Amino acid sequence: MTIATVLDFMGVFDNELDVESDGTDEARAIRALNIVQDWFEAIAAGESEMLQGYATLTTTANTEVSNWPTGLLRLDSLWYVDTTQTPNLPQWKLEPMYETGGHRPSLSWPETIVLSTTTGKPRRYYATGPHTAGRLFWEPVPDAVWTIRYYGLIAASDYTVRTGTFAYPDACAPAFAQEAAKILRIGRDDSINDLQRQATVSLGAALKACRSWWNDENTGRHYQDAHET
C-alpha cells in the first residue's frame, strides 16, 4: 500500500481535506501521518515482540561500549554472529545484565576463576536504552570487531512523498488515516479539553515506551557471595 492510498482514506474521514497530488493539504497530511506513526510505534514498543525486526551492529576493538542502534525502540535480544561462515549465523545469545555498571563487576571467589577474561567475544551486555545517550556495554570488552544481531522494534522511516510505501500492515492504514485527519482538525475547531485528552493519550504512550523498551528475559536472582556449609 502506498501513502497515496492512506491519504485517500483521510479524505474519506474529512471530506474538506485536499489531499490529492499537489493538493493544499497534502504536505500537512503527510506530516500528520508521521506523528501518528510515532504514536503507534510508542505503543507497540511496550508490547512484547510486536512487529519485531532485526539488524546488526559491530563492536570496536578494545572499546567497552557501542552506540545504541538508530531507530531501535524495543530490544528483545542480542546474538553474537559468526561471520566466518556463509550464511552468517548466530552462535550464542548474549545474556543481559540489569545492575547499573554491571558490565564490569567486582567478582568474588569462585566467580573470578571462571570469569577472569578481560577481553574477547561479547557474552553479556548492559543497556541504557533508546535515547540520545543510549549505549550498549559489553562483557568481556571486545578484542576485535565482532558482529552482533539485535531483535526488536525498529522505527520505520518518516514518510516524505505520496508514492512512499506504508510501513505497516494494510489493516493499520484506516486507523492511521483517521487519527491523522483528527490531528489536522486540532487547533481549527477542537476545544482545549479535546487537546488535553489527545495529549494524555499520546504522551502516555510515549512514557510507556520509555520505561518498557527492554524485553530481553525477566530479571533473575543476583548472587554476589559464595557460602560454605
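Can you pull out every residue in the range 60-92 that is polar (S, T, N, Q) and open to solvent by less than 30 Å² (accessible area, probe 1.4 Å)? Of everything in the range 60-92, those that are polar (S, T, N, Q) and open to solvent by less than 30 Å² (accessible area, probe 1.4 Å) turn out to be SER66, SER77. A residue that is touching a strand residue (DSSP E or B) at 6+ places or on another chain (Cβ under 7 Å), part of a strand (DSSP E or B), modelled with pLDDT of 95 or more and crowded, with 21+ Cβ neighbours inside 10 Å can be found somewhere in the range 128-136. On the stretch given as the range 137-182, residues that are among the aromatic types (Phe, Trp, Tyr) and out of contact with any strand residue (DSSP E or B) (no Cβ under 7 Å at 6 or more places or on another chain) total 3. The residue pairs whose first member lies in the range 54-66 and is part of a strand (DSSP E or B), whose second member is among the aromatic types (Phe, Trp, Tyr) and buried (at least 17 other Cβ atoms within 10 Å of the Cβ), and whose beta carbons are closer than 7 Å, counting only pairs six or more residues apart or on different chains, are TYR54/TYR150; TYR54/TYR151; ALA55/TYR150; LEU57/TYR150; THR58/TRP146; VAL65/PHE137. Of all residues in the range 35-54, those satisfying the criterion of being under 22 Å from THR163 (Cα atoms) and open to solvent by less than 20 Å² (accessible area, probe 1.4 Å) are VAL36, GLN37, GLU41.
Cβ-Cβ distances below 7 Å connect the following pairs, each with a first residue in the range 120-149 that is at negative phi, a second residue that is acidic (Asp, Glu) and assigned to a loop (DSSP other than H, G, I, E, B), and a separation of six or more residues or different chains: PHE137/GLU64; TRP138/GLU64; VAL141/GLU64. Among the residues making up the range 159-175, a single one is of a type in the set (D, E, K, R) and either closer than 30 Å to ASN62 by Cα or in a loop (DSSP other than H, G, I, E, B) (or both): ARG162. Inclusion of ALA156 among residues that are at pLDDT 60 or above, open to solvent by less than 50 Å² (accessible area, probe 1.4 Å) and part of a loop (DSSP other than H, G, I, E, B) is warranted. Set side by side, the residues GLY187, GLY164, GLY204, GLY220 differ, and just one is surrounded by fewer than 19 Cβ atoms within 10 Å (Cβ to Cβ) and modelled with pLDDT of 95 or more, which is GLY164.
Every test in (1) within 30 Å of ASN15 (Cα to Cα); (2) among the aliphatic types (A, V, I, L, M); (3) open to solvent by 10 Å² or more (accessible area, probe 1.4 Å); (4) touching a Gly at 6+ places or on another chain (Cβ under 9 Å) is passed by ALA29 save one, and that test is (3).
To keep it simple, each residue is scored yes or no on (1) touching a helix residue (DSSP H, G or I) at 6+ places or on another chain (Cβ under 7 Å); (2) closer than 21 Å to VAL19 by Cβ; (3) hydroxyl-bearing (Ser, Thr, Tyr).
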| site | (1), (2), (3) |
| --- | --- |
| GLY129 | no, no, no |
| GLY134 | no, no, no |
| PRO140 | no, no, no |
| TYR151 | no, no, yes |
| ILE154 | no, no, no |
| TYR159 | yes, yes, yes |
| THR163 | yes, yes, yes |
| ASP170 | no, yes, no |
| PRO174 | yes, yes, no |
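Scanning the range 67-88 for residues that are free of Cβ contacts under 8 Å to residues at least 40 places away in the same chain and of a type in the set (Val, Ile, Thr) gives THR70, THR84, THR86.
The values are calculated or read from the model by the stated rules, or taken from the named source; none is laboratory data. Keep in mind that what you see is a predicted model, and the values were worked out from it rather than measured. So basically every Cβ, Gly included, is an ideal-geometry build from the backbone, and we count neighbours across all protein chains shown. These area figures cover heavy atoms from the full protein model, side chains too; ligands, DNA and RNA do not enter into them. Shrake-Rupley method; radii C 1.70, N 1.55, O 1.52, S 1.80 Å.
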